[in-house]
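Report on the following structure.
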Amino acid sequence: MGLLNLIPVVDEGLGNSTYLLDLGEGRALVMDPERDLRQVRAESSSRGLSIAFAVETHLHADFISGVAELAEIEGATVLAPEVGSRSFAHTGLSDGQSVEMGRFTLQALHTPGHSPEHLSYVLFEDGDLAGIFTGGSLMVGTAGRTDLVSPDMTVRLARAQYRSLQRLMEFPDTTPVWPTHGAGSFCSAGGSGERVTTIGAERATNPLLQVDGEDAFVDALLDTLGTFPEYFLRLGEINKRGPAVLREQPRLTPLSADSVEELTADGAQVIDARQPADFAAGHIPGALSIPFRPVFATWLGWLATPDRPVVIVRGPEQDPADIVTASAKVGFDALAGELDGGYPAWTREHAGADAVRLIGSGQMMDRLQAGAAVLDIRQTGEYDAGHVPGAVNIELGYLARNLADAPEGPVIVMCGHGERAMGGASILAASGRTGIAVFNGGPADWAAAAGRAVETGTDLEAAK
């Protein structure tokens, strides 16, 4: 067996890995590609490879797939589960079927659980076992969540996931495992920060493989499931239908301040991608703060409304190509444009808003002594692990629909660092709330300043 040339292309924001495999003779296979194909194409081009196969383990819910584009633009053959058939040209595979690719063979292994149709793919090189692409089945330290199809199927799929993992445990301990979902992915039920593993490592350390029997596995898996972005419920159907192929790099059309004002009057939403300090210093009234960083796509998909035009406000240091590409990953294909000249252009003709203050530990102590309440907008699991005593927990993804549950009066919004908190503060400000501050830090920073320990557990009911 030769030296396997497998190149992982990791999306840190979505928490996923796409794999580029050099098949030899100038051809490559791409496993579970996202719509942002820039790095995949760069890696294949630098090696003189053309993409011959684009393979999917399942219908993805967390991102728009890139297989349709690779088929149309690169001429790649799409391989995907036969069940849950796509509405575009592809080769459907079922359990046990194999595809020959020169010295490599790819064999489908039905591993339902994360989705009903889910396939893992066993890779052989010159007839020898080389590894397994496990997609959303077996992951590092965990397994794929089973609640993305429907509530009625969650337990049934959890039981299927148990059987799928037991099937994978039949492979030798030394077998490499290459999952798609990993740390940072909402498709993952917990797990570690590692991206790849082996069957033996998972057999020995994966908590879900240490439990006794199927019922215990189901209980353990379901206990790890937190909330997930609601856009997951619509992207699967887009991927099944076949997303629009973006033949050219999307761009942001420059818009005057007056045009932005007209668009917002007609229902457009303004997404301010600048950093929290810039937003706090001044922003367009009603704008939603989603600072551009690796997880921008996730929060845009969760917080923005897909059927309303989107206007972007960015800083001069932020690349518009990165913003539009991240937006397209979660189905925002055609943004209305961007404020030409950024926020300074707005202030030349219109009034801005500065209803949010970004504060440090000392200012937080002063505000708490003056009676301010704390709104913690992190995920419930993060809140349970440690929070400011008395803080109310409303997850950011559910804040807009639970504004009545937010503390009255002056409020300090916090998360782990400040980026998500500024998003929560912008939602409060857009609703007309005043007296809003964002803590530029997390619970550990508060604890150090206060000389007190954080509180653990859920002492107040969390809004979801």
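The values are calculated or read from the model by the stated rules, or taken from the named source; none is laboratory data. Note that the structure is a prediction, hence the values are computed from the model and not measured. Here the Cβ is made from the backbone with ideal geometry for all residues, glycine too, and neighbour counts use every protein chain on show. Surface areas here come from the heavy atoms of the whole protein model, side chains and all, with no ligands, DNA or RNA. Shrake-Rupley method; radii C 1.70, N 1.55, O 1.52, S 1.80 Å.
Could you list, in sequence order, the residues of region 376-411 that are open to solvent by less than 50 Å² (accessible area, probe 1.4 Å), outside any helix (DSSP H, G or I) and under 19 Å from Ala448 (Cα atoms)? Asp376, Gly386, His387, Val388, Pro389, Ala391 - these are the residues of region 376-411 that are open to solvent by less than 50 Å² (accessible area, probe 1.4 Å), outside any helix (DSSP H, G or I) and under 19 Å from Ala448 (Cα atoms).
Out of curiosity, is Gly315 over 16 Å from Ile290 (Cα atoms), in a loop (DSSP other than H, G, I, E, B) and touching a residue at least 24 places away in the same chain (Cβ under 8 Å)? Let's see the steps before the verdict.
Details: over 16 Å from Ile290 (Cα atoms): no; in a loop (DSSP other than H, G, I, E, B): yes; touching a residue at least 24 places away in the same chain (Cβ under 8 Å): yes.
Here the answer is no, as Gly315 does not meet what is asked.
Of all the numbered requirements in (1) open to solvent by 60 Å² or more (accessible area, probe 1.4 Å); (2) more than 20 Å from the chain's Cα centre (by Cα), Leu4 misses one, and that requirement is (1). Take the residues in region 139-171 that are among the hydroxyl-bearing types (Ser, Thr, Tyr) and part of a helix (DSSP H, G or I), then tell me which one is least open to solvent (accessible area, probe 1.4 Å). The extreme case among them is Ser164.
Assess whether Val99 counts as being open to solvent by less than 20 Å² (accessible area, probe 1.4 Å), assigned to a strand (DSSP E or B) and under 30 Å from Gly24 (Cα atoms). No: the conditions fail for Val99. Selection of region 11-48 for residues being in a strand (DSSP E or B) and open to solvent by 50 Å² or more (accessible area, probe 1.4 Å) yields only Arg27.
Within region 255-272, being within 10 Å of Ile312 (Cα to Cα) and of a type outside the set (S, T, N, Q) holds for Leu255, Val260, Val270, Ile271, Asp272. If the condition is being in contact with a strand residue (DSSP E or B) (Cβ under 7 Å, 6 or more places away or on another chain) and under 27 Å from Gly301 (Cα atoms), then region 32-61 contributes Asp32, Pro33, Glu34, Arg35, Gln39, Val40, Ala54, Val55, Glu56, Thr57, His58.
So, Ile427, is that one closer than 23 Å to Val295 by Cα, open to solvent by 20 Å² or more (accessible area, probe 1.4 Å) and touching a helix residue (DSSP H, G or I) at 6+ places or on another chain (Cβ under 6 Å) or not? Don't jump to the end; show me each part of the working.
Numbers: closer than 23 Å to Val295 by Cα: yes; open to solvent by 20 Å² or more (accessible area, probe 1.4 Å): yes; touching a helix residue (DSSP H, G or I) at 6+ places or on another chain (Cβ under 6 Å): yes.
It is true that Ile427 is closer than 23 Å to Val295 by Cα, open to solvent by 20 Å² or more (accessible area, probe 1.4 Å) and touching a helix residue (DSSP H, G or I) at 6+ places or on another chain (Cβ under 6 Å).
Selection of region 261-299 for residues being of a type outside the set (S, T, N, Q), within 25 Å of the chain's Cα centre (by Cα) and part of a strand (DSSP E or B) yields Val270, Ile271, Asp272, Leu288. Checking Glu82 against (1) among the acidic types (Asp, Glu); (2) modelled with pLDDT of 95 or more; (3) surrounded by fewer than 23 Cβ atoms within 10 Å (Cβ to Cβ): exactly one of these is not met. Which one? The single condition Glu82 does not satisfy is (2).
Go through the residues of region 222-232 one by one and say whether even a single one is part of a loop (DSSP other than H, G, I, E, B), closer than 30 Å to Leu358 by Cβ and either at pLDDT 95 or above or of a type in the set (Asp, Glu) (or both).
So in region 222-232, the residues part of a loop (DSSP other than H, G, I, E, B) come out as 224-231.
Cutting the leftovers down to closer than 30 Å to Leu358 by Cβ gives us 226-231.
From the residues that got through so far, the ones that are either at pLDDT 95 or above or of a type in the set (Asp, Glu) (or both) too are 230.
Checked region 222-232: at least one residue is part of a loop (DSSP other than H, G, I, E, B), closer than 30 Å to Leu358 by Cβ and either at pLDDT 95 or above or of a type in the set (Asp, Glu) (or both).
For region 126-138, which residues satisfy the criterion of being surrounded by fewer than 19 Cβ atoms within 10 Å (Cβ to Cβ), on the phi > 0 side of the Ramachandran plot and touching a Ser or Thr at 6+ places or on another chain (Cβ under 8 Å)? Passing the criteria: only Gly127. Output yes when any residue across region 68-76 is charged (D, E, K, R), on the phi > 0 side of the Ramachandran plot and in contact with a Ser or Thr (Cβ under 8 Å, 6 or more places away or on another chain), and no when none is. For region 68-76, residues charged (D, E, K, R), on the phi > 0 side of the Ramachandran plot and in contact with a Ser or Thr (Cβ under 8 Å, 6 or more places away or on another chain): absent.
Can you pull out every residue in region 215-253 that is without any contact (Cβ under 8 Å) to a residue 12 or more places away in the chain and either in contact with a Gly (Cβ under 9 Å, 6 or more places away or on another chain) or crowded, with 16+ Cβ neighbours inside 10 Å (or both)?
So the first thing to find is which residues in region 215-253 are without any contact (Cβ under 8 Å) to a residue 12 or more places away in the chain, and the list is 215-216, 219, 223, 237, 248.
If the condition is that a residue be without any contact (Cβ under 8 Å) to a residue 12 or more places away in the chain and either in contact with a Gly (Cβ under 9 Å, 6 or more places away or on another chain) or crowded, with 16+ Cβ neighbours inside 10 Å (or both), then no residue fits.
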